Amino acid sequence: ARFEKGEAKVLCACDLLNEGWDCPATEVLFMAQPTMSKVLYTQQLGRGMRLSPGKESLMVFDFVDNASQYNMPYSMHRLFRLKEYKPGALVLGTKQQKTAEQGLYDRGERPDALIDWPVDALDYELVDIFNWQEEAAGMISQMEFVRRVDVQTETIERHVRDGLLVPDLVVPMSEHRTFKYFKEETLQKYAKQYGWTLIDDSNRKDLFLDMVRQMDMSYSYKPVLLKAVLLFADDKGRVKLSDIVTYFREFYEARRAAGLVVEKTNSIYAKGGYTDAQAQRNILSNPFKRFEDMQMLHHTKTLGVIQVDESVWKKLTREEKQEIERICDEKLAQYYGRVSNLQLNKINVIALREGDRNDSI
């Protein structure tokens, strides 16, 4: 109340007056809290953006955290995409006002704002207001690069690490973390150079089928995932993740009940006693990731749904779905044949060792 009456000239508040408080006569804002949130910055700015009799303008002082030029908090310059910093310059105004102000700068004079307010600048420093999001606009992130070519994440990471893939923009976000971006023409160049196939809607289904036919397996998870998807998917290729978890549990527990090899000994399904949450993490981190990398499957976390890409699901014929199921069964038979032999060999080795020990005794 004292501030609104003009008795108190300055209010200092921390997260108290961002919203829900209004004093139209406010003429100056000191933006002393660095924030990466555009919504929060705009709310705080709104405390001084009200019209009031006798109020001609709003003066904004941005206190900008310059710890990292690539992780800049919001300011008037970033909000309104102003590339050049001019002390006291108009951010918003009529065309006539801006033209008149530019004339002052051209003549080496100071604008009215710096004359009217008791502010003296003793030293000027060039401020880099680089906004990496704008420079990266239209570029392809490394994650998107992986999804556009028919090679695995590890291959792209290794090529980048070895200097065989050179990003067009590298943004250091912290001491150990960087964002890497590529231009479209860079993607095309490297795909041609290394013989990688570019993935798009026209060839994604064929690449998906090739991937299934050539499926390499360290565990049995991929064919089990595909069989669950074929069983539960609706007409749009959507499957509840909970249904997939149930299928995985029933598949491996059925093997256990039948006295068959469940999985490799280090698998959660072989050990038993796992929760649905652990099974879900296993599914998303192992069989699902490779399909996601190639944009064949998508996970909507908020809905708990896995979906086959539309450009794949809509084009799959009944015969092709039957082929996928047949391939999965064949792959599983081959896999369990290998795993059973390996485990049998280990048992024989252990038995031989026990025999040697008994002979020595």
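The values are calculated or read from the model by the stated rules, or taken from the named source; none is laboratory data. Keep in mind that what you see is a predicted model, and the values were worked out from it rather than measured. Heads up, the Cβs are rebuilt from the backbone with ideal geometry, glycines too, and the neighbour counts pull from every protein chain shown.
Filtering Tyr274, Tyr221 for residues that are of a type in the set (Phe, Trp, Tyr), closer than 29 Å to Val312 by Cβ and assigned by TED's automatic domain parsing to the domain that holds Met294 leaves a single hit, Tyr221.
Screening the stretch 293-325 for residues that are modelled with pLDDT of 90 or more and in a loop (DSSP other than H, G, I, E, B) and picking the one that is surrounded by the most Cβ atoms within 10 Å (Cβ to Cβ) gives Asp309. When the stretch 169-186 is filtered for residues that are within 23 Å of Met294 (Cβ to Cβ) and over 17 Å from the mean Cα position of the chain (by Cα), the ones remaining, listed by number, are Lys183, Glu184, Glu185, Thr186. Taking first residues from the stretch 16-27 that are in contact (Cβ under 8 Å) with a residue 24 or more places away in the chain and partners that are among the acidic types (Asp, Glu), the Cβ contacts under 6 Å between residues at least 6 apart in sequence or on separate chains come to Cys23/Glu4.
Taking the conditions (1) at pLDDT 85 or above; (2) more than 28 Å from Thr178 (Cβ to Cβ); (3) touching a helix residue (DSSP H, G or I) at 6+ places or on another chain (Cβ under 7 Å) in turn, Tyr41 satisfies each one other than (2).
Checked against (1) more than 27 Å from the chain's Cα centre (by Cα); (2) surrounded by 13 or more Cβ atoms within 10 Å (Cβ to Cβ), Arg290 passes all but condition (1). Reported count of residues in the stretch 154-177, each being modelled with pLDDT under 85 and either crowded, with 16+ Cβ neighbours inside 10 Å or of a type in the set (Asp, Glu) (or both), is 2.
Just checking, does the stretch 181-192 include any residue being surrounded by 12 or more Cβ atoms within 10 Å (Cβ to Cβ), part of a loop (DSSP other than H, G, I, E, B) and not basic (Lys, Arg)? Taking every residue of the stretch 181-192 in turn, none turns out to be surrounded by 12 or more Cβ atoms within 10 Å (Cβ to Cβ), part of a loop (DSSP other than H, G, I, E, B) and not basic (Lys, Arg). Looking at this structure, is Met211 surrounded by 14 or more Cβ atoms within 10 Å (Cβ to Cβ), in the same structural domain as Ile306 (by TED's automatic domain parsing) and not in a helix (DSSP H, G or I)? No. Would you confirm, using the coordinates I've provided, whether Ser75 is small (Gly, Ala, Ser), modelled with pLDDT of 80 or more and in contact with a strand residue (DSSP E or B) (Cβ under 8 Å, 6 or more places away or on another chain)? For Ser75, the condition - small (Gly, Ala, Ser), modelled with pLDDT of 80 or more and in contact with a strand residue (DSSP E or B) (Cβ under 8 Å, 6 or more places away or on another chain) - is met.
From the list Asp15, Asp22, the one residue that fits, being of a type in the set (Asp, Glu), under 40 Å from the mean Cα position of the chain (by Cα) and at pLDDT 80 or above, is Asp22.
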